[in-house]
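> This structure is in structure tokens; I'll ask about it shortly.
The values are calculated or read from the model by the stated rules, or taken from the named source; none is laboratory data. Bear in mind that the values here come from a model prediction, so they are computed numbers and not experimental data. Every residue, glycine among them, receives a Cβ derived from its backbone with ideal geometry; neighbour counts consider all protein chains shown. Surface areas here come from the heavy atoms of the whole protein model, side chains and all, with no ligands, DNA or RNA. Shrake-Rupley method; radii C 1.70, N 1.55, O 1.52, S 1.80 Å.
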Amino acid sequence: MQVPPRPLANAFRQLRSDLRTDPYLVYVLGLALVLCSFWFWHGLPNFATWDERDRLLDPLVAYSSVLEDPSIESLRQGVAWGREPFGATFYVYALALLPVVLAAAITGDLSAIEAIHFPSSEYGYYPVWQATPKWIWTWSLAFARLTNVVFAVASVYCTYRIGVDLRDRATGRLAAVLLTLTFGFVKLAHEGGEDMPAVFFLLLALTLLIRYVETGRRDLFLWASAAGGVALAFKLTAAPIVLVVGLAVLLRARAESTPLRRALWRPRLLLSGAGVGAVALAVGFPTLLVGHVEPVVGRLFGHTSQRTGLAVGPTAPTWWWFLRTYVSGLGIPLLLAGIAGVLASALHLRTLRASDDRGSTRAFSGTALLLGCLGLYLLLYATWHDFRVHHLLPTFPLVALLTAGALERFRDRRPSVAAPVLAALLLTTALYAGAGTAGYATLPRDEARTWLNEHADRSDTMEGYFHGFQEIAVPHWMALNPIWADPNETDVERCPDYIQLTYKDLLYLRDVPDDQRGYDVDSNVDARARYVRALLDGEYNYEVAAEFGPRPPNYVPQRPTPGSLADLVALGINPHSDQYGDEQELTVNQYTLIMEHEGPCDESRTPPW
């Protein structure tokens, strides 16, 4: 099998060449680094999302298991532990956390990591979070998020390279800038997870496929297949890359003027690519490597088939979910430009197809691959009940590339008109992304945590609701009233010093049909609504001590009506708008109300959680 020598060395050689040739590239990558890393420490030592928590706990449990009992069986059990076999993120964050494990060994805190073992999932793994030293969580999260930043900047560079290969450096620069200024992209760079690594390997696969179509080099095809397999190992929704690889074979046949039947009958090439991709996918699941086959099979097939009907958000038309997600991820100006750019690129394929010169052939193949990949992603999510920004993340660089190409062609034809249009687009998109990124410095939960550090005594207890401590503002030192546990086995205080209500707790006050509720606030609704309103009305002798973030009218959150186009406008103006499910929660979703106990204890208070 022919493979290029030292692929990493070749990649860095290409990067150095691009930096020397294009003096603006360093500023584009620098902008991406600044935006993606700005205030990356938000919320520490708490987790930004449930996914971030799970991705860090997986390797930490494996480290703990092996440190406690250095054996193969302990390694197998540690790797197999977890909510799901999440694939290649285990390797990435095991490496990212290695400095923390080494620091614990040097400072004598290794026993704290050993004690993690197989933690209880009570209240979102709160017991192990509080029992483990704060510095371990702080630095573990910091390294995990910075690792994600590296993948984000690398993705921006891959976007630039694809733009250069498709047309020229101006197109590559513009596509990279548009992606950098996409707030949904910047937001996902601010959390540890699998989305950003998956996007990077998807873009790497596309880069290699574009070059394969142009040159016909077998090694490029195999490396692209491997990159696609790794992308799948990170996130199974990268599945469109499988069909995109097949599309590349057809486009190469077109470039060679090879009959379709002959192009499809290349068993050695196709089987080699499929084999390489399958091996990359299999190796990407450490759970499989340690002999636990059934969970991986369930993840690959059972979970994937069940996901289409899973209702996380309210029931609404598919077009509404696409618009809702794109308008909050891109902002209104970039969304409109993206729609126009994608349509213009699709129409431009006819012009490229009629041309025989080498540049047009390369542009046709590359544009067809991008459009094919984008279309496959849209078809995939069109079968789902609902989806969120992190699901559509892989489409952001595709939209940026197609839009950049359309804008550059427009600038060639009508430079006097294109210049102000492009300036307005970049300015408005930068304002949207800039406001969203700057908002990380003033998140309500961080402010609430600071307030508790300054006003609460170290002996005070606080009570929080919803599903886990990740969704409330709690200092690491503060004890939470364990209402989630068996009252016969724990010391549950009847009247803790503080009660915290959050945006999600207030969602129970909304008077809407059940199919308009998110899955996380659709149980025991009436009882919880009565309890929350009674707390707010002072029936249990709790008074508002402090609040952080924008208070909803009469404490009742106002979410966009499912199916309403007009209600989506606000989401494209305020980057920190309301989100559903496991999406990263920002200013609106982080509204926090801290209530302090005043007066006698009301023994009748019974939280319905």
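> Which condition breaks for residue 276 when tested against (1) of a type in the set (Val, Ile, Thr); (2) more than 22 Å from residue 394 (Cβ to Cβ); (3) over 23 Å from the mean Cα position of the chain (by Cα)?
Tallying (1) of a type in the set (Val, Ile, Thr); (2) more than 22 Å from residue 394 (Cβ to Cβ); (3) over 23 Å from the mean Cα position of the chain (by Cα), residue 276 fails exactly one: (2).
> Shifting gears a bit: May I ask you to list the residues in the stretch 473-486 that are open to solvent by less than 20 Å² (accessible area, probe 1.4 Å) and not β-branched (Val, Ile, Thr)? Walk me through it before giving the result.
First, the residues of the stretch 473-486 that are open to solvent by less than 20 Å² (accessible area, probe 1.4 Å): 473-475, 478, 480-481, 485.
473, 475, 478, 480, 481, 485, listed by residue number.
> While we're on this one: Looking only at the stretch 416-430, decide whether some residue is out of contact with any strand residue (DSSP E or B) (no Cβ under 8 Å at 6 or more places or on another chain), in a helix (DSSP H, G or I) and within 26 Å of residue 609 (Cα to Cα).
Going residue by residue through the stretch 416-430, those that are out of contact with any strand residue (DSSP E or B) (no Cβ under 8 Å at 6 or more places or on another chain) are 416-430.
Checking which are in a helix (DSSP H, G or I) leaves us with 416-430.
Subset that is within 26 Å of residue 609 (Cα to Cα): none.
Checked against the condition, which is being out of contact with any strand residue (DSSP E or B) (no Cβ under 8 Å at 6 or more places or on another chain), in a helix (DSSP H, G or I) and within 26 Å of residue 609 (Cα to Cα), the stretch 416-430 yields no hits at all.
> So, one more: Please go through the stretch 442-472 and give me each residue that is open to solvent by less than 40 Å² (accessible area, probe 1.4 Å) and small (Gly, Ala, Ser), ordered by number.
448, 456, 464, 468
> OK, next. Cβ contacts < 6 Å: first residue under 9 Å from residue 166 (Cβ atoms), restricted to the stretch 395-409; second residue open to solvent by 10 Å² or more (accessible area, probe 1.4 Å) and not in a helix (DSSP H, G or I), any location; separation 6+ or different chain. Result?
Hits for this filter: 405/167.
> Can you find even one residue in the stretch 584-592 that is open to solvent by less than 10 Å² (accessible area, probe 1.4 Å) and part of a strand (DSSP E or B)?
yes
> Take the stretch 300-316 and flag every residue that is in a helix (DSSP H, G or I) and open to solvent by 60 Å² or more (accessible area, probe 1.4 Å). Before you say what the answer is, go through the steps one by one.
So in the stretch 300-316, the residues in a helix (DSSP H, G or I) come out as 300-307.
Scanning the stretch 300-316 gives 301, 303, 304, 305, 306.
> How many residues does the stretch 256-276 contain that are more than 30 Å from residue 93 (Cα to Cα) and either open to solvent by 40 Å² or more (accessible area, probe 1.4 Å) or touching a His at 6+ places or on another chain (Cβ under 6 Å) (or both)?
13
> Scan the stretch 322-345 and tell me whether some residue there is free of Cβ contacts under 8 Å to residues at least 24 places away in the same chain, closer than 28 Å to residue 236 by Cβ and either open to solvent by 50 Å² or more (accessible area, probe 1.4 Å) or out of contact with any helix residue (DSSP H, G or I) (no Cβ under 9 Å at 6 or more places or on another chain) (or both).
We begin by selecting, within the stretch 322-345, every residue free of Cβ contacts under 8 Å to residues at least 24 places away in the same chain; these are 336, 339, 343.
If we keep only those that are closer than 28 Å to residue 236 by Cβ as well, we get 339.
Those left that are additionally either open to solvent by 50 Å² or more (accessible area, probe 1.4 Å) or out of contact with any helix residue (DSSP H, G or I) (no Cβ under 9 Å at 6 or more places or on another chain) (or both): 339.
Looking through the stretch 322-345, at least one residue is free of Cβ contacts under 8 Å to residues at least 24 places away in the same chain, closer than 28 Å to residue 236 by Cβ and either open to solvent by 50 Å² or more (accessible area, probe 1.4 Å) or out of contact with any helix residue (DSSP H, G or I) (no Cβ under 9 Å at 6 or more places or on another chain) (or both).
> Which residue is surrounded by the fewest Cβ atoms within 10 Å (Cβ to Cβ), if the candidates are limited to the stretch 113-125 and must be under 29 Å from the mean Cα position of the chain (by Cα) and of a type in the set (Gly, Ala, Ser)?
Let us first name the residues in the stretch 113-125 that are under 29 Å from the mean Cα position of the chain (by Cα), namely 113, 116-125.
Checking which are of a type in the set (Gly, Ala, Ser) leaves us with 120-121, 124.
On the way: 120: 11, 121: 13, 124: 18.
Within the stretch 113-125, the match that is surrounded by the fewest Cβ atoms within 10 Å (Cβ to Cβ) is 120.
> Further question: Of all residues in the stretch 15-58, how many are assigned to a helix (DSSP H, G or I) and either within 22 Å of residue 389 (Cβ to Cβ) or open to solvent by 10 Å² or more (accessible area, probe 1.4 Å) (or both)?
As a first pass, look at the stretch 15-58 and keep what is assigned to a helix (DSSP H, G or I): 15-21, 25-37, 50-58.
Add one more test, that the residue is either within 22 Å of residue 389 (Cβ to Cβ) or open to solvent by 10 Å² or more (accessible area, probe 1.4 Å) (or both), and what stays is 15-17, 19-21, 26-37, 50-56, 58.
The total comes to 26.
> Could you list, in sequence order, all residues of the stretch 461-488 that are under 19 Å from residue 528 (Cβ atoms), assigned to a loop (DSSP other than H, G, I, E, B) and not small (Gly, Ala, Ser)?
Hits for the stretch 461-488 are 465, 466, 467, 472, 481, 482, 483, 484, 487.
> Would you say residue 515 is open to solvent by 30 Å² or more (accessible area, probe 1.4 Å), in a helix (DSSP H, G or I) and acidic (Asp, Glu)?
In short, yes.
> Just one of (1) in contact (Cβ under 8 Å) with a residue 12 or more places away in the chain; (2) surrounded by fewer than 23 Cβ atoms within 10 Å (Cβ to Cβ) trips up residue 360, so point out which.
(1)
> Also: Pick from 297, 242, 279: which is within 30 Å of residue 84 (Cα to Cα), among the aliphatic types (A, V, I, L, M), open to solvent by 60 Å² or more (accessible area, probe 1.4 Å) and free of Cβ contacts under 8 Å to residues at least 12 places away in the same chain? Write out each step before concluding.
Numbers: 242 fails: free of Cβ contacts under 8 Å to residues at least 12 places away in the same chain; 279 fails: free of Cβ contacts under 8 Å to residues at least 12 places away in the same chain.
Exactly one of 297, 242, 279 is within 30 Å of residue 84 (Cα to Cα), among the aliphatic types (A, V, I, L, M), open to solvent by 60 Å² or more (accessible area, probe 1.4 Å) and free of Cβ contacts under 8 Å to residues at least 12 places away in the same chain, namely 297.
> Quick one: residue 116 ticks every box in (1) of a type in the set (Val, Ile, Thr); (2) in contact with a helix residue (DSSP H, G or I) (Cβ under 9 Å, 6 or more places away or on another chain); (3) not in a loop (DSSP other than H, G, I, E, B) bar one, so which box is it?
Unmet condition: (3).
> Just a yes or no: is a residue in the stretch 371-387 surrounded by fewer than 23 Cβ atoms within 10 Å (Cβ to Cβ) and farther than 30 Å from residue 49 by Cα?
yes
> Scan 602, 578, 567 and give me the residue that is over 22 Å from the mean Cα position of the chain (by Cα) and under 24 Å from residue 528 (Cβ atoms). First the steps, then the outcome.
Working: 578 fails: over 22 Å from the mean Cα position of the chain (by Cα); 567 fails: under 24 Å from residue 528 (Cβ atoms).
After applying the criteria, what remains is 602.
> Across the stretch 527-563, which residue is most open to solvent (accessible area, probe 1.4 Å) among those that are of a type in the set (Ser, Thr, Tyr) and closer than 30 Å to residue 191 by Cα?
Result: 561.
> Looking at residue 491 and the list (1) modelled with pLDDT under 90; (2) part of a helix (DSSP H, G or I); (3) more than 29 Å from the chain's Cα centre (by Cα), which single condition is not satisfied?
Result: residue 491 fails condition (2) only.
> Of the numbered conditions (1) at positive phi; (2) open to solvent by 30 Å² or more (accessible area, probe 1.4 Å), residue 8 satisfies every one except a single condition; which is it?
Every condition holds for residue 8 apart from (1).
> Among the candidates 188, 204, 209, 141, single out the residue that is open to solvent by less than 20 Å² (accessible area, probe 1.4 Å), within 20 Å of residue 367 (Cβ to Cβ) and touching a residue at least 24 places away in the same chain (Cβ under 8 Å). Break it down into steps so the answer makes sense when it comes.
Numbers: 188 fails: within 20 Å of residue 367 (Cβ to Cβ); 204 fails: open to solvent by less than 20 Å² (accessible area, probe 1.4 Å); 141 fails: within 20 Å of residue 367 (Cβ to Cβ).
Just one listed residue meets the conditions, 209.
> What single numbered condition from (1) loosely packed, with under 14 Cβ neighbours inside 10 Å; (2) of a type in the set (Phe, Trp, Tyr); (3) within 25 Å of the chain's Cα centre (by Cα) fails to hold for residue 503?
Here residue 503 meets the rest and fails (1).
> Search the stretch 523-535 for residues that are on the phi > 0 side of the Ramachandran plot and pair each with any residue that is surrounded by 14 or more Cβ atoms within 10 Å (Cβ to Cβ) and part of a helix (DSSP H, G or I) when their beta-carbon atoms are under 9 Å apart and the residues are at least 6 apart or on different chains.
Filtered contacts from the stretch 523-535: 524/508.
> Output the residues belonging to the stretch 150-185 that are part of a loop (DSSP other than H, G, I, E, B) and either open to solvent by less than 10 Å² (accessible area, probe 1.4 Å) or of a type in the set (D, E, K, R) (or both).
First, pick out the residues of the stretch 150-185 that are part of a loop (DSSP other than H, G, I, E, B): 167-168, 181-182.
Within the stretch 150-185, 167, 168, 182 qualify.
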